[in-house]
1. Tilt of helix 2-25 relative to the longest C-alpha principal axis of the chain, in degrees (0 to 90, nearest 10)?
2. Label points 7 Å out from Cα along the Cβ direction at LYS389 and ALA54: separation in nm?
3. Starting from 0.36 nm per residue, how many nanometres of slack lie between THR97 and SER350 once their C-alpha separation is accounted for?
4. Between LEU321 and THR287, how high is the FRET efficiency from 1/(1 + (r/R0)^6) when r is the Cβ-Cβ distance and R₀ = 45 Å? Nearest 0.05.
5. Show me 391-399, 61-69 ranked by packing, highest mean number of other Cβ atoms within 10 Å first.
6. At a Cα cut-off below 23 Å, give the lysines reachable from LYS411, other chains included and same-chain residues fewer than 8 away excluded.
7. Rank these for me by crowding, SER88, SER282, SER143, going from fewest to most other beta carbons within 10 Å.
8. How big is the chain in terms of Cα radius of gyration and Dmax, in angstroms?
Amino acid sequence: MKQVFLVFFTMILFFSCQREINVSLTKEPGSVTGQVRPESVLAKVGLYQGDLIAETETQSGIFRFDRVSPGTYRLIARAEGFSQTEISGIRVEDGETHDVGTLELAQLPWPLLTVQPYDRQKNVPVYKGYKTLQKRIIILSFSQLMDEESLRKGFFIHPQVADLEITPHVWMAANRYEYYFGGEFDFNTEYTFGLDTTVQTVSGEKLEFPFSATFTTERFGLADANFHYDPETNGGSVSLSFNGLLTATAASHISLPAGIPFYTQQKYTSRIYVLPSVSWPSDSSITVTIDKDLAEIGGQTLGKDTTFTFRTAPLQVVGTLPHQGEQFVDQDESVTIRFNNVLDQSSLESNISISPAVPFTSTLSVSQGKSALLVTPDTLYANTEYTVKIGSGIKDFFGVGLSQEFNLTFKTK
């Protein structure tokens, strides 16, 4: 009886502890709340985690986001006629409400409506070398058509920007008048820009009061990296896209692990493709290293080594003739088995068999990172089911084998 009670008590204790463990591992969403001032302004508040994930409007200055997963976020508040403001590093804990406090919106001078970049914004793109995109680094939006000559004279920026130009853009339907300011902005530089009160509308009404803002441009670096996988060949290229035009020797700063032959192609002047000379090793994590001295045409370098890691597919069969389970196969037909990588010829011996046993020959052909194994029996008997077995000892060019043996079954006429 004591033993039964002890077992029963132990089971209760186990399941009680199990429930405790499950509860502690369950993450409950939290909330983010705060206030925007002036309270009378209808402001839009965006919640970001990299990209925008939610947006709301203030009610009497108050905003709230519910069902926010635990993590780190930033908020951006904006309203027409006011300078945009941001709070970053907002940590939402499990099931808790995070009050960010008050976000103060600074009023812009009439008739200025919006400003990009906003004050103290970081990592502003400079589109180095892209003439069309460089024309839109700073965007000022007004409610009135402005006198361009006064805008040109009343606009200031420090440090000076080479080839600075102003391009007007009118939104007639929205009664909005935008002016783009662009030129040769430098990477990783803090700029201060603004307008003085000599700026006026075409009807002579002057800017209400002076305005200025500060922003910092992005560092030169890797903007995007992708592995463009080809499932038929375990090949494909790695594309490395940078946020500036590259020097002609940039590709020489790319390296792969020893033993993987590769070549590069530099296209669109800001992108490098990395391709295998033979193929990629099967079922492997491969790291592409970009040396810190890789530079853009203005002389800025990465400053530190940068890496991109991708994983390849296992060595596998991607097609056969005859097909798996096919009936009424001709007795003189050869068997073709296609693999998604280049095979090691020496690994074929003793890893191919046919059952029932018949004499056969095998030939391997390689093209564009894939292999085709042609198995030719001397003879096949009528109305007989055959199985061609490919053993797991078959390996790719780099010595990586099949994860398991492959069997192809078919039946003759």
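Bear in mind these aren't lab numbers, they're just calculated from the coordinates by the rules spelled out. As the structure is a computational prediction, the values presented were derived from the model and not from experiment. In this analysis, Cβ positions are derived from the backbone assuming ideal geometry, glycine residues included, and neighbour counts consider all displayed protein chains.
1. So the helix axis and the longest Cα principal axis differ by about 50 degrees.
2. With each label placed 7 Å out from Cα toward Cβ, I get 5.9 nm.
3. 84.5 nm
4. Plugging the Cβ-Cβ distance into 1/(1 + (r/R0)^6) gives 0.75.
5. Listed from highest to lowest mean packing, they are 391-399, 61-69.
6. LYS389
7. Going from least to most buried by this count: SER88, SER143, SER282.
8. 32.8, 101
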